[in-house]
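Structure first, then comments.
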Amino acid sequence: MASNVLSAAASASPSTSPVTDLLKGKGRLGSGNVGSLFIKDKGNPFLNSKSCGRISMAVAVNVSRFEAITMAPPDPILGVSEAFKADNDEKKLNLGVGAYRTEELQPYVLDVVKKAENLMLERGENKEYLPIEGLAAFNKVTAELLFGADSPVISEQRVATVQGLSGTGSLRLAAVLIERYFPGAKVLISSPTWGNHKNIFNDARVPWSEYRYYDPKTVGLDFEGMIEDIKAAPEGSFILLHGCAHNPTGIDPTPEQWEKIADVIQEKNHIPFFDVAYQGFASGSLDQDAASVRLFAARGMEIFVAQSYSKNLGLYSERIGAINVVCSSTDTAARVKSQLKRIARPMYSNPPIHGARIVANVVGDPALFDEWKAEMEMMAGRIKGVRQKLYDSLTSKDKSGKDWSFILKQIGMFSFTGLNKNQSDNMTNKWHVYMTKDGRISLAGLNLAKCEYLADAIIDSYHNVS
Amino acid sequence: MALWNAVASRLARHRSWTAGVGSSRAMSSWWHSVEPAPKDPILGVTEAFLADPSPDKVNVGVGAYRDDNGKPVVLECVREAERRIAGSMNMEYLPMGGSVKMVEETLKLAYGDNSEFIKDKRVAAVQALSGTGACRLFAEFQKRFRPESQIYIPVPTWSNHHNIWRDAQVPQRTYHYYHAESRGLDFASLMDDVKNAPSGSFFLLHACAHNPTGVDPSEEQWREISQQFKAKGHFALFDMAYQGFASGDPERDAKSIRIFLEDGHSIGIAQSYAKNMGLYGQRVGCLSVLCEDEKQAVAVKSQLQMIARPMYSNPPVHGALIVSTILGDPELKQLWLKEVKGMADRIIGMRTALRENLENLGSSLSWKHITEQIGMFCYSGMTPEQVDRLTKEFHIYMTRNGRISMAGVTTGNVRYLANAIHVVTEST
């Protein structure tokens, strides 16, 4: 045991620690001083040799079993905000994580949410455990919001809806269900897609592969490639589709393209699996943004839909969403729901109540629902306005004749700029614009006042860096 | 394909039916092999209770505290905390490891206000989805970094423990715990199992108020267990879901953990605020792992976050804010301590009342275990058949292992309960 203690001390020197190796590898995050990226308020614990190797005076009986554990890499999306926080330049701009900001670049709690919370405070409701499947009122309004209150899948009670921990948690429940009941079946995810999708399927041990989606030549949809790859997948695969406002590209199929996608999925007996994280945020209309899901449901298909209220109700940290499984019969839906519960129970027993109550109050009350629709339009409208201003700034400043119209064609919170990794690094290093390395910018973090500055940065990075 | 025809003709009635291509294949369900899942043995009890129309019904199933009127309780300190935080916070994502402030306060409760381990930053800790989520994070962590290991679980234990380690794909072993004849601890067999387990095994221990038996080792017994763990180099994961709820004093309830820390063990702790702060539905808890040094703690924490990210990304904020508001304010913290003691005292009072009532009814059986056991639950010793009779004949709901949630016992129903128990046990 003593030797283990000594070896812990010996391995703690900064030059050999797995942490600094990692930090060296992370130079691509763009900041010149790599070590500063991870500075917390009190300085960088990883490079502070004083803190390494300090061992308590108590005899370490169970010498650590965790010797070999290395530092996990920072999350490619959430790590951007950390880097942004560490930057002291006043021109800095955070276009990293997809969280809506006002024109003043402040976080925004929706008025309807505040009203709902006040109502809840007044009522003084208790905090008892929810059932494993979550708050019934929440599940009901969520299914109606997605499929439309008058949809046959609702009236025929063919949807198994289980409250989940926002989009992530709902995807995870579905992934485990797939692993359990379709062992060996593959999930096809778009190239590119939200970075956490692959983590979810990896941890659930569900094999996945990619279908072509983004075409860098057109900065648009590689529709033929997408159809080919879906066709080529083994029959009975799960096809992960973004319901609207594709993350990270902002490129959505047209209604005609959605029809063709549905055709080929049916032909190949695949199961469509929608991730709906931005309903209302794409066009500003909740119904319009659900059109793709409703199209598939109307064809009588069995569908997975993972859904989140993080963005459209601004309930990010409340972790509120749902997994919906559209089945061909009421009985099947009941059975599927019971198995989803069995997956949730050993993960977290039952879901958190606060966010569910907020949603049930807002979506379930006609007056608050109408107010919400208006706030939704306002948020989506601000983003559209910013897109327009950015486009105008780019076209007026850039004399090269490059077509920047993709900024207007893309939809939702994000824009895929087409900037490559080096160019994205330039955005950060030279211009203090923080974004993800895949060239994605979150327009939710942009305001009208900064559009010209951003245009300058993009033009410089695009033309002067390769 | 009669089934398909029937389904297809039903759908044909809907005008929204527009597809031409391959629609027939979609009709036979993908899910025909999906069986209905069995009801959860604990949460299913409350479902059944809610569905019962009888005015006499009593719910002593799930472990959720009730006041003497049988009503759920929201603590005063919680209401005050909610008033303070209402409207003042935005809802931005918490970091993957959760609320830093809440975790800090939570570690103080478990390790001690002045713990050297906290000062030395040796504790890797993340906010978790109550006790379940904390256990699950640990189980996944154990699977990932000690794939050859198993988990030793006491018999009996909270049924969801088995589900958690099973879904994390960690093999389970059991160790003796409950002694049926004495309705107490089978200490000798427990120690044998600890001795006989391969060195360096992982053990799940209930820190206090064992669920479902209410049987805890004494302080002396904990010291012996700790020594034996030392001799065998075992790892101890403490599940502490009832700190404060057992004796009424959180410091006292953490005694087992403090003994292990004094003896130099590097332990793991799963903590929950569901019961002791009444935050059940908020899902607030914490998983901590004591490491050799700060560097290791940072690495371990980062890996725990990697497990959380594809499960739920980051934990819910509301409950965490309530906890940090209360524990961070000396007055509110005092109020909380008072309220926790009040809940524990009421339960201790109901234990006394239930035992006295049974003895006064002239039961020939011994019921002293009711007052000897501690915490929310009483392991009555009743058989599943007797429990079924309690439900069918008396509309009394509890889990079939004979576990009574004392929190559901009130001055209003204790005599009815005692009478029913007497009837079904005496006639055996």
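Things worth noting here:
- Residue list for the stretch B:70-99, filter: open to solvent by less than 30 Å² (accessible area, probe 1.4 Å) and in contact with a Phe, Trp or Tyr (Cβ under 6 Å, 6 or more places away or on another chain): B:C77, B:M91
- Residue within the stretch A:298-312 that is surrounded by 24 or more Cβ atoms within 10 Å (Cβ to Cβ), in a helix (DSSP H, G or I) and either within 14 Å of chain B (Cβ to nearest Cβ) or of a type in the set (G, A, S) (or both) present: no
- Failed condition for B:K295, given (1) within 28 Å of B:E116 (Cα to Cα); (2) modelled with pLDDT of 95 or more; (3) of a type in the set (D, E, K, R): (2)
- Qualifying residues in the stretch A:152-191 (those that are of a type in the set (K, R) and touching a strand residue (DSSP E or B) at 6+ places or on another chain (Cβ under 8 Å)) - the one farthest from A:D215 (Cα to Cα): A:R158
- Filter result (touching a Lys or Arg at 6+ places or on another chain (Cβ under 7 Å) and within 14 Å of chain A (Cβ to nearest Cβ)) within the stretch B:216-231: B:Q228
- So A:K402, is it in a helix (DSSP H, G or I), open to solvent by 10 Å² or more (accessible area, probe 1.4 Å) and under 25 Å from A:Y214 (Cα atoms): no
- So B:Q334, is it open to solvent by 10 Å² or more (accessible area, probe 1.4 Å) and either closer than 29 Å to B:S201 by Cβ or at the interface with chain A (Cβ under 8 Å from one of its Cβ atoms) (or both): no
- Test result for A:R335, open to solvent by 10 Å² or more (accessible area, probe 1.4 Å) and either on the phi > 0 side of the Ramachandran plot or of a type in the set (D, E, K, R) (or both): yes
- Hey, A:M427 under 16 Å from A:L93 (Cβ atoms), open to solvent by less than 20 Å² (accessible area, probe 1.4 Å) and in contact with a Lys or Arg (Cβ under 9 Å, 6 or more places away or on another chain) or not: no
To keep it simple, each residue is scored yes or no on (1) part of a helix (DSSP H, G or I); (2) away from chain B (no Cβ under 14 Å); (3) of a type outside the set (S, T, Y); (4) touching a Pro at 6+ places or on another chain (Cβ under 6 Å).
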{"residue": "A:D150", "(1), (2), (3), (4)": "no, no, yes, no"}
{"residue": "A:I154", "(1), (2), (3), (4)": "yes, no, yes, no"}
{"residue": "A:Q157", "(1), (2), (3), (4)": "no, no, yes, no"}
{"residue": "A:T161", "(1), (2), (3), (4)": "no, yes, no, no"}
{"residue": "A:S170", "(1), (2), (3), (4)": "yes, no, no, no"}
{"residue": "A:R180", "(1), (2), (3), (4)": "yes, no, yes, no"}
{"residue": "A:L188", "(1), (2), (3), (4)": "no, yes, yes, no"}
{"residue": "A:I227", "(1), (2), (3), (4)": "yes, no, yes, no"}
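- Flag for B:P156 being under 18 Å from B:F235 (Cα atoms), open to solvent by 20 Å² or more (accessible area, probe 1.4 Å) and not aliphatic (A, V, I, L, M): no
- You will find that of A:E318, A:E267, A:E259, the residue that is facing chain B (nearest Cβ under 8 Å) and open to solvent by 10 Å² or more (accessible area, probe 1.4 Å) is A:E267 and no other.
- The stretch B:40-62, residues that are within 15 Å of B:D388 (Cα to Cα), open to solvent by 30 Å² or more (accessible area, probe 1.4 Å) and either in contact with a strand residue (DSSP E or B) (Cβ under 7 Å, 6 or more places away or on another chain) or modelled with pLDDT of 80 or more (or both): B:T46, B:A48, B:F49, B:K57, B:N59
- Listing of strands (runs of 3 or more DSSP E) fully contained in the stretch B:110-215 that carry 1 or more residues being in contact with a Lys or Arg (Cβ under 8 Å, 6 or more places away or on another chain) and within 12 Å of chain A (Cβ to nearest Cβ): B:123-128, B:202-206
- Of the residues making up the stretch B:279-292, those that are farther than 17 Å from B:V103 by Cα and either more than 12 Å from chain A (Cβ to nearest Cβ) or open to solvent by less than 10 Å² (accessible area, probe 1.4 Å) (or both) are B:Y280, B:G281.
- The listed residue being of a type in the set (V, I, T), closer than 30 Å to B:G112 by Cβ and in contact (Cβ under 8 Å) with a residue 40 or more places away in the chain, out of B:I404, B:I421, B:I347: B:I347
- Any hit, the stretch A:172-194, residues being touching a residue at least 12 places away in the same chain (Cβ under 8 Å), open to solvent by 50 Å² or more (accessible area, probe 1.4 Å) and under 20 Å from B:E140 (Cβ atoms): yes
- Complete set of residues in the stretch A:89-131 that are touching a strand residue (DSSP E or B) at 6+ places or on another chain (Cβ under 6 Å) and either part of a loop (DSSP other than H, G, I, E, B) or open to solvent by 30 Å² or more (accessible area, probe 1.4 Å) (or both): A:N94, A:L95, A:G96, A:G98, A:N126, A:E128
- Qualifying residue in the stretch A:340-363 (condition: more than 10 Å from every other protein chain (Cβ to nearest Cβ), surrounded by 20 or more Cβ atoms within 10 Å (Cβ to Cβ) and closer than 30 Å to B:A139 by Cα): no
- Test set (1) part of a helix (DSSP H, G or I); (2) under 18 Å from B:K101 (Cα atoms); (3) not aliphatic (A, V, I, L, M) - B:R346 fails condition number: (2)
- Criterion violated by B:R252 - all others in (1) within 14 Å of chain A (Cβ to nearest Cβ); (2) in a helix (DSSP H, G or I) satisfied: (1)
- Filtered residues of the stretch A:190-210 (kept if at the interface with chain B (Cβ under 10 Å from one of its Cβ atoms) and at pLDDT 95 or above): A:H197, A:K198, A:N199, A:I200, A:F201, A:N202, A:D203, A:A204, A:R205
- Annotation for the stretch B:229-240: no member residue is on the phi < 0 side of the Ramachandran plot, in contact with a Cys (Cβ under 8 Å, 6 or more places away or on another chain), open to solvent by 10 Å² or more (accessible area, probe 1.4 Å) and not in a strand (DSSP E or B).
- Selection count, the stretch A:191-212, where residues are over 29 Å from A:F138 (Cβ atoms) and either assigned to a loop (DSSP other than H, G, I, E, B) or of a type in the set (S, T, Y) (or both): 6
- Among the conditions (1) open to solvent by 10 Å² or more (accessible area, probe 1.4 Å); (2) more than 7 Å from chain A (Cβ to nearest Cβ); (3) among the polar types (S, T, N, Q), the only one that B:Q296 does not satisfy is (2).
- Pair list, Cβ under 8 Å, 6 or more apart: the stretch A:345-374 residue within 17 Å of A:G314 (Cβ to Cβ), other residue among the charged types (D, E, K, R) and crowded, with 24+ Cβ neighbours inside 10 Å: A:P352/A:E318; A:P352/A:R319; A:P352/B:R283; A:H354/A:E318; A:G355/A:E318; A:G355/A:R319; A:I358/A:E318
- Residue in the stretch A:397-405 that is within 19 Å of A:S310 (Cβ to Cβ) and either modelled with pLDDT of 95 or more or not small (G, A, S) (or both) present: no
The values are calculated or read from the model by the stated rules, or taken from the named source; none is laboratory data. All values derive from a computational prediction rather than experimental measurement. Glycine gets a Cβ as well: all are built from the backbone with ideal geometry, and neighbour counts include every protein chain shown. Quick note on the areas: whole protein, heavy atoms, side chains included, nothing else; ligands and nucleic acids left out. Shrake-Rupley method; radii C 1.70, N 1.55, O 1.52, S 1.80 Å.
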